[in-house]
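Q: Below is the structure I would like to discuss, written out as structure tokens.
The values are calculated or read from the model by the stated rules, or taken from the named source; none is laboratory data. Keep in mind it's a predicted model, so treat the numbers as computed, not measured. Cβ placement follows ideal geometry from the backbone for every residue including glycine, while neighbour counts extend to all protein chains displayed.
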Amino acid sequence: MAPTIVITGCTEGSIGYYLAKEFSSRGYDVFATARRPDSTGDLQDCAGVTVLPLDITSKDSIQKLYEDVSSKTNGKLDILYNNAGKMKRIMAIDSTREQAEDTFNTNLFGVIELNTTFADLVIAAKGRFVFTGSCGAIAPVPTLSIYNASKAALHAYINTLRIEMSPFGVEVVNVITGGVKSHIWNAERISKEDSPYTSIQEKLDEANASSAKSSTDPAVYARKVVSAIVRRNPPADIWAGAGASVFWFIDRLNLRWMYRFVFAKMYGLDSLCTSQDKSR
């Protein structure tokens, strides 16, 4: 019997979309999910791929997915790949509680609900929980405070889950992800009309565009990540995507003080500071 995997967040062009194709090419029976199944493009035509609906923020939707998958896999699941996520670019003091709750519902609370529901299937298979983590959980990238916070919380959950799953022979893998080309880089206004950051809006847009341009091709990312995940003994952390190796280096050598200077220049915050000083 082919190994089985559930992958969340498989909208066409996304990381999940390319992960589904890569796992399928390696002989996995893939259950690819999306809020709207018709948004997954040609995944529905790929051999070995079954597209199923999932609203990660809905307990009922998660339970329905569990029942569908369990009936098709004889009560076992080799890999549960938590990939669905949401990113909102906004300055920290421009953000609202509603925006934070919306992001956390997808990036953390829905993930917790999904893993709790599917745990018995993964344990029965002595399988793997895999997560799309983020370098943003480690690096304080401006305009992404809410997203960064949600991913930092997710990393804490992952690290604890890894210890708690060890008695059952279940592996827990965190794919700490840098820049990857996808729809999340679509242009949007980062600061509010009355924001104290409006004078550097152009610089914020430039930084966003630069990050998008230098991002890794998602198919290349998927090949690297899947190759690591399917190893007999996969690494606990997989660093992948543009900039990931740099963030790894900074984190390992405790050079986090560098972020303030690098990001201030990249996002125009240094010029804003200068203009504020002159106005006093």
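Q: Give all pairs with beta carbons closer than 6 Å in which a residue from the range 43-58 that is on the phi > 0 side of the Ramachandran plot and in a loop (DSSP other than H, G, I, E, B) meets a residue that is among the small types (Gly, Ala, Ser) and surrounded by 15 or more Cβ atoms within 10 Å (Cβ to Cβ); count only pairs at least 6 apart in sequence or on separate chains.
A: Close Cβ pairs (under 6 Å, with a partner that is among the small types (Gly, Ala, Ser) and surrounded by 15 or more Cβ atoms within 10 Å (Cβ to Cβ)) amount to Gly48/Ser24.
Q: Considering only the range 71-92, state which residues are farther than 21 Å from His155 by Cβ, touching a Ser or Thr at 6+ places or on another chain (Cβ under 9 Å) and at pLDDT 95 or above.
A: Step one: list which residues in the range 71-92 are farther than 21 Å from His155 by Cβ, which gives 71-78, 90-91.
Now narrow it down to the ones that are touching a Ser or Thr at 6+ places or on another chain (Cβ under 9 Å): 72-73, 76-78, 90-91.
Once the filter is applied, which keeps residues that are farther than 21 Å from His155 by Cβ, touching a Ser or Thr at 6+ places or on another chain (Cβ under 9 Å) and at pLDDT 95 or above, the range 71-92 yields Lys72, Thr73, Lys76, Leu77, Asp78.
Q: Looking at Ala244, Ala212, can you tell me which residue is within 16 Å of the chain's Cα centre (by Cα), modelled with pLDDT under 95, under 23 Å from Thr132 (Cα atoms) and among the aliphatic types (A, V, I, L, M)? Please lay out each step first, then the result.
A: Numbers: Ala244 fails: modelled with pLDDT under 95.
Within the list Ala244, Ala212, the selection yields Ala212.
Q: In addition: Checking Lys151 against (1) of a type in the set (D, E, K, R); (2) at pLDDT below 95; (3) within 19 Å of Asp102 (Cβ to Cβ), only one condition comes out false. Which one?
A: Exception for Lys151: condition (2).
Q: Can you pull out every residue in the range 148-178 that is without any contact (Cβ under 8 Å) to a residue 12 or more places away in the chain and surrounded by 17 or more Cβ atoms within 10 Å (Cβ to Cβ)?
A: Answer for the range 148-178, where residues must be without any contact (Cβ under 8 Å) to a residue 12 or more places away in the chain and surrounded by 17 or more Cβ atoms within 10 Å (Cβ to Cβ): there is none.
Q: Follow-up. Condition first: part of a loop (DSSP other than H, G, I, E, B), touching a Leu at 6+ places or on another chain (Cβ under 9 Å) and either under 11 Å from Val6 (Cα atoms) or charged (D, E, K, R) (or both). Now tell me which residues in the range 79-93 satisfy that.
A: Within the range 79-93, Asn83, Lys88, Arg89 qualify.
Q: Quick one: how many residues across the range 131-142 are touching a helix residue (DSSP H, G or I) at 6+ places or on another chain (Cβ under 6 Å) and assigned to a strand (DSSP E or B)?
A: Of all residues in the range 131-142, those touching a helix residue (DSSP H, G or I) at 6+ places or on another chain (Cβ under 6 Å) come to 131, 133-140, 142.
Add one more test, that the residue is assigned to a strand (DSSP E or B), and what stays is 131, 133-134.
Count: 3.
Q: Taking the residues in the range 13-38 that are over 21 Å from Thr177 (Cβ atoms) and out of contact with any Pro (no Cβ under 8 Å at 6 or more places or on another chain) as candidates, determine which candidate is surrounded by the most Cβ atoms within 10 Å (Cβ to Cβ).
A: Start the filter on the range 13-38 by keeping residues that are over 21 Å from Thr177 (Cβ atoms), which leaves 27, 29, 31, 36-38.
Narrowing further to those that are out of contact with any Pro (no Cβ under 8 Å at 6 or more places or on another chain): 31, 38.
Numbers: Phe31: 25, Asp38: 10.
The selected residue is Phe31.
Q: Now for a different question. Among the residues of the range 116-147, what is the count of those that are of a type in the set (S, T, N, Q) and crowded, with 22+ Cβ neighbours inside 10 Å? Spell out the reasoning first.
A: Narrowing the range 116-147 to residues of a type in the set (S, T, N, Q): 116-117, 132, 134, 143, 145.
Those left that are additionally crowded, with 22+ Cβ neighbours inside 10 Å: 132, 134, 143.
Within the range 116-147, residues that are of a type in the set (S, T, N, Q) and crowded, with 22+ Cβ neighbours inside 10 Å number 3.
Q: Continuing with the same structure: Inspect all residues belonging to the range 179-200 and state whether any of them is more than 26 Å from Val246 (Cα to Cα), without any contact (Cβ under 8 Å) to a residue 40 or more places away in the chain and part of a helix (DSSP H, G or I).
A: For the range 179-200, residues more than 26 Å from Val246 (Cα to Cα), without any contact (Cβ under 8 Å) to a residue 40 or more places away in the chain and part of a helix (DSSP H, G or I): present.
Q: Of the residues that make up the range 62-70, is at least one part of a helix (DSSP H, G or I), in contact with a Gly (Cβ under 9 Å, 6 or more places away or on another chain) and at pLDDT 95 or above?
A: First pass over the range 62-70, keeping only residues part of a helix (DSSP H, G or I): 62-70.
From the residues that got through so far, the ones that are in contact with a Gly (Cβ under 9 Å, 6 or more places away or on another chain) too are 62.
Subsequent filtering for residues that are at pLDDT 95 or above retains 62.
Yes, because at least one residue in the range 62-70 is part of a helix (DSSP H, G or I), in contact with a Gly (Cβ under 9 Å, 6 or more places away or on another chain) and at pLDDT 95 or above.
Q: For the range 58-77, name all the residues that are closer than 19 Å to Val172 by Cα and buried (at least 22 other Cβ atoms within 10 Å of the Cβ). Steps first, please.
A: From the range 58-77, those closer than 19 Å to Val172 by Cα are 76-77; that's our starting set.
Listed by number, the list holds a single entry, Leu77.
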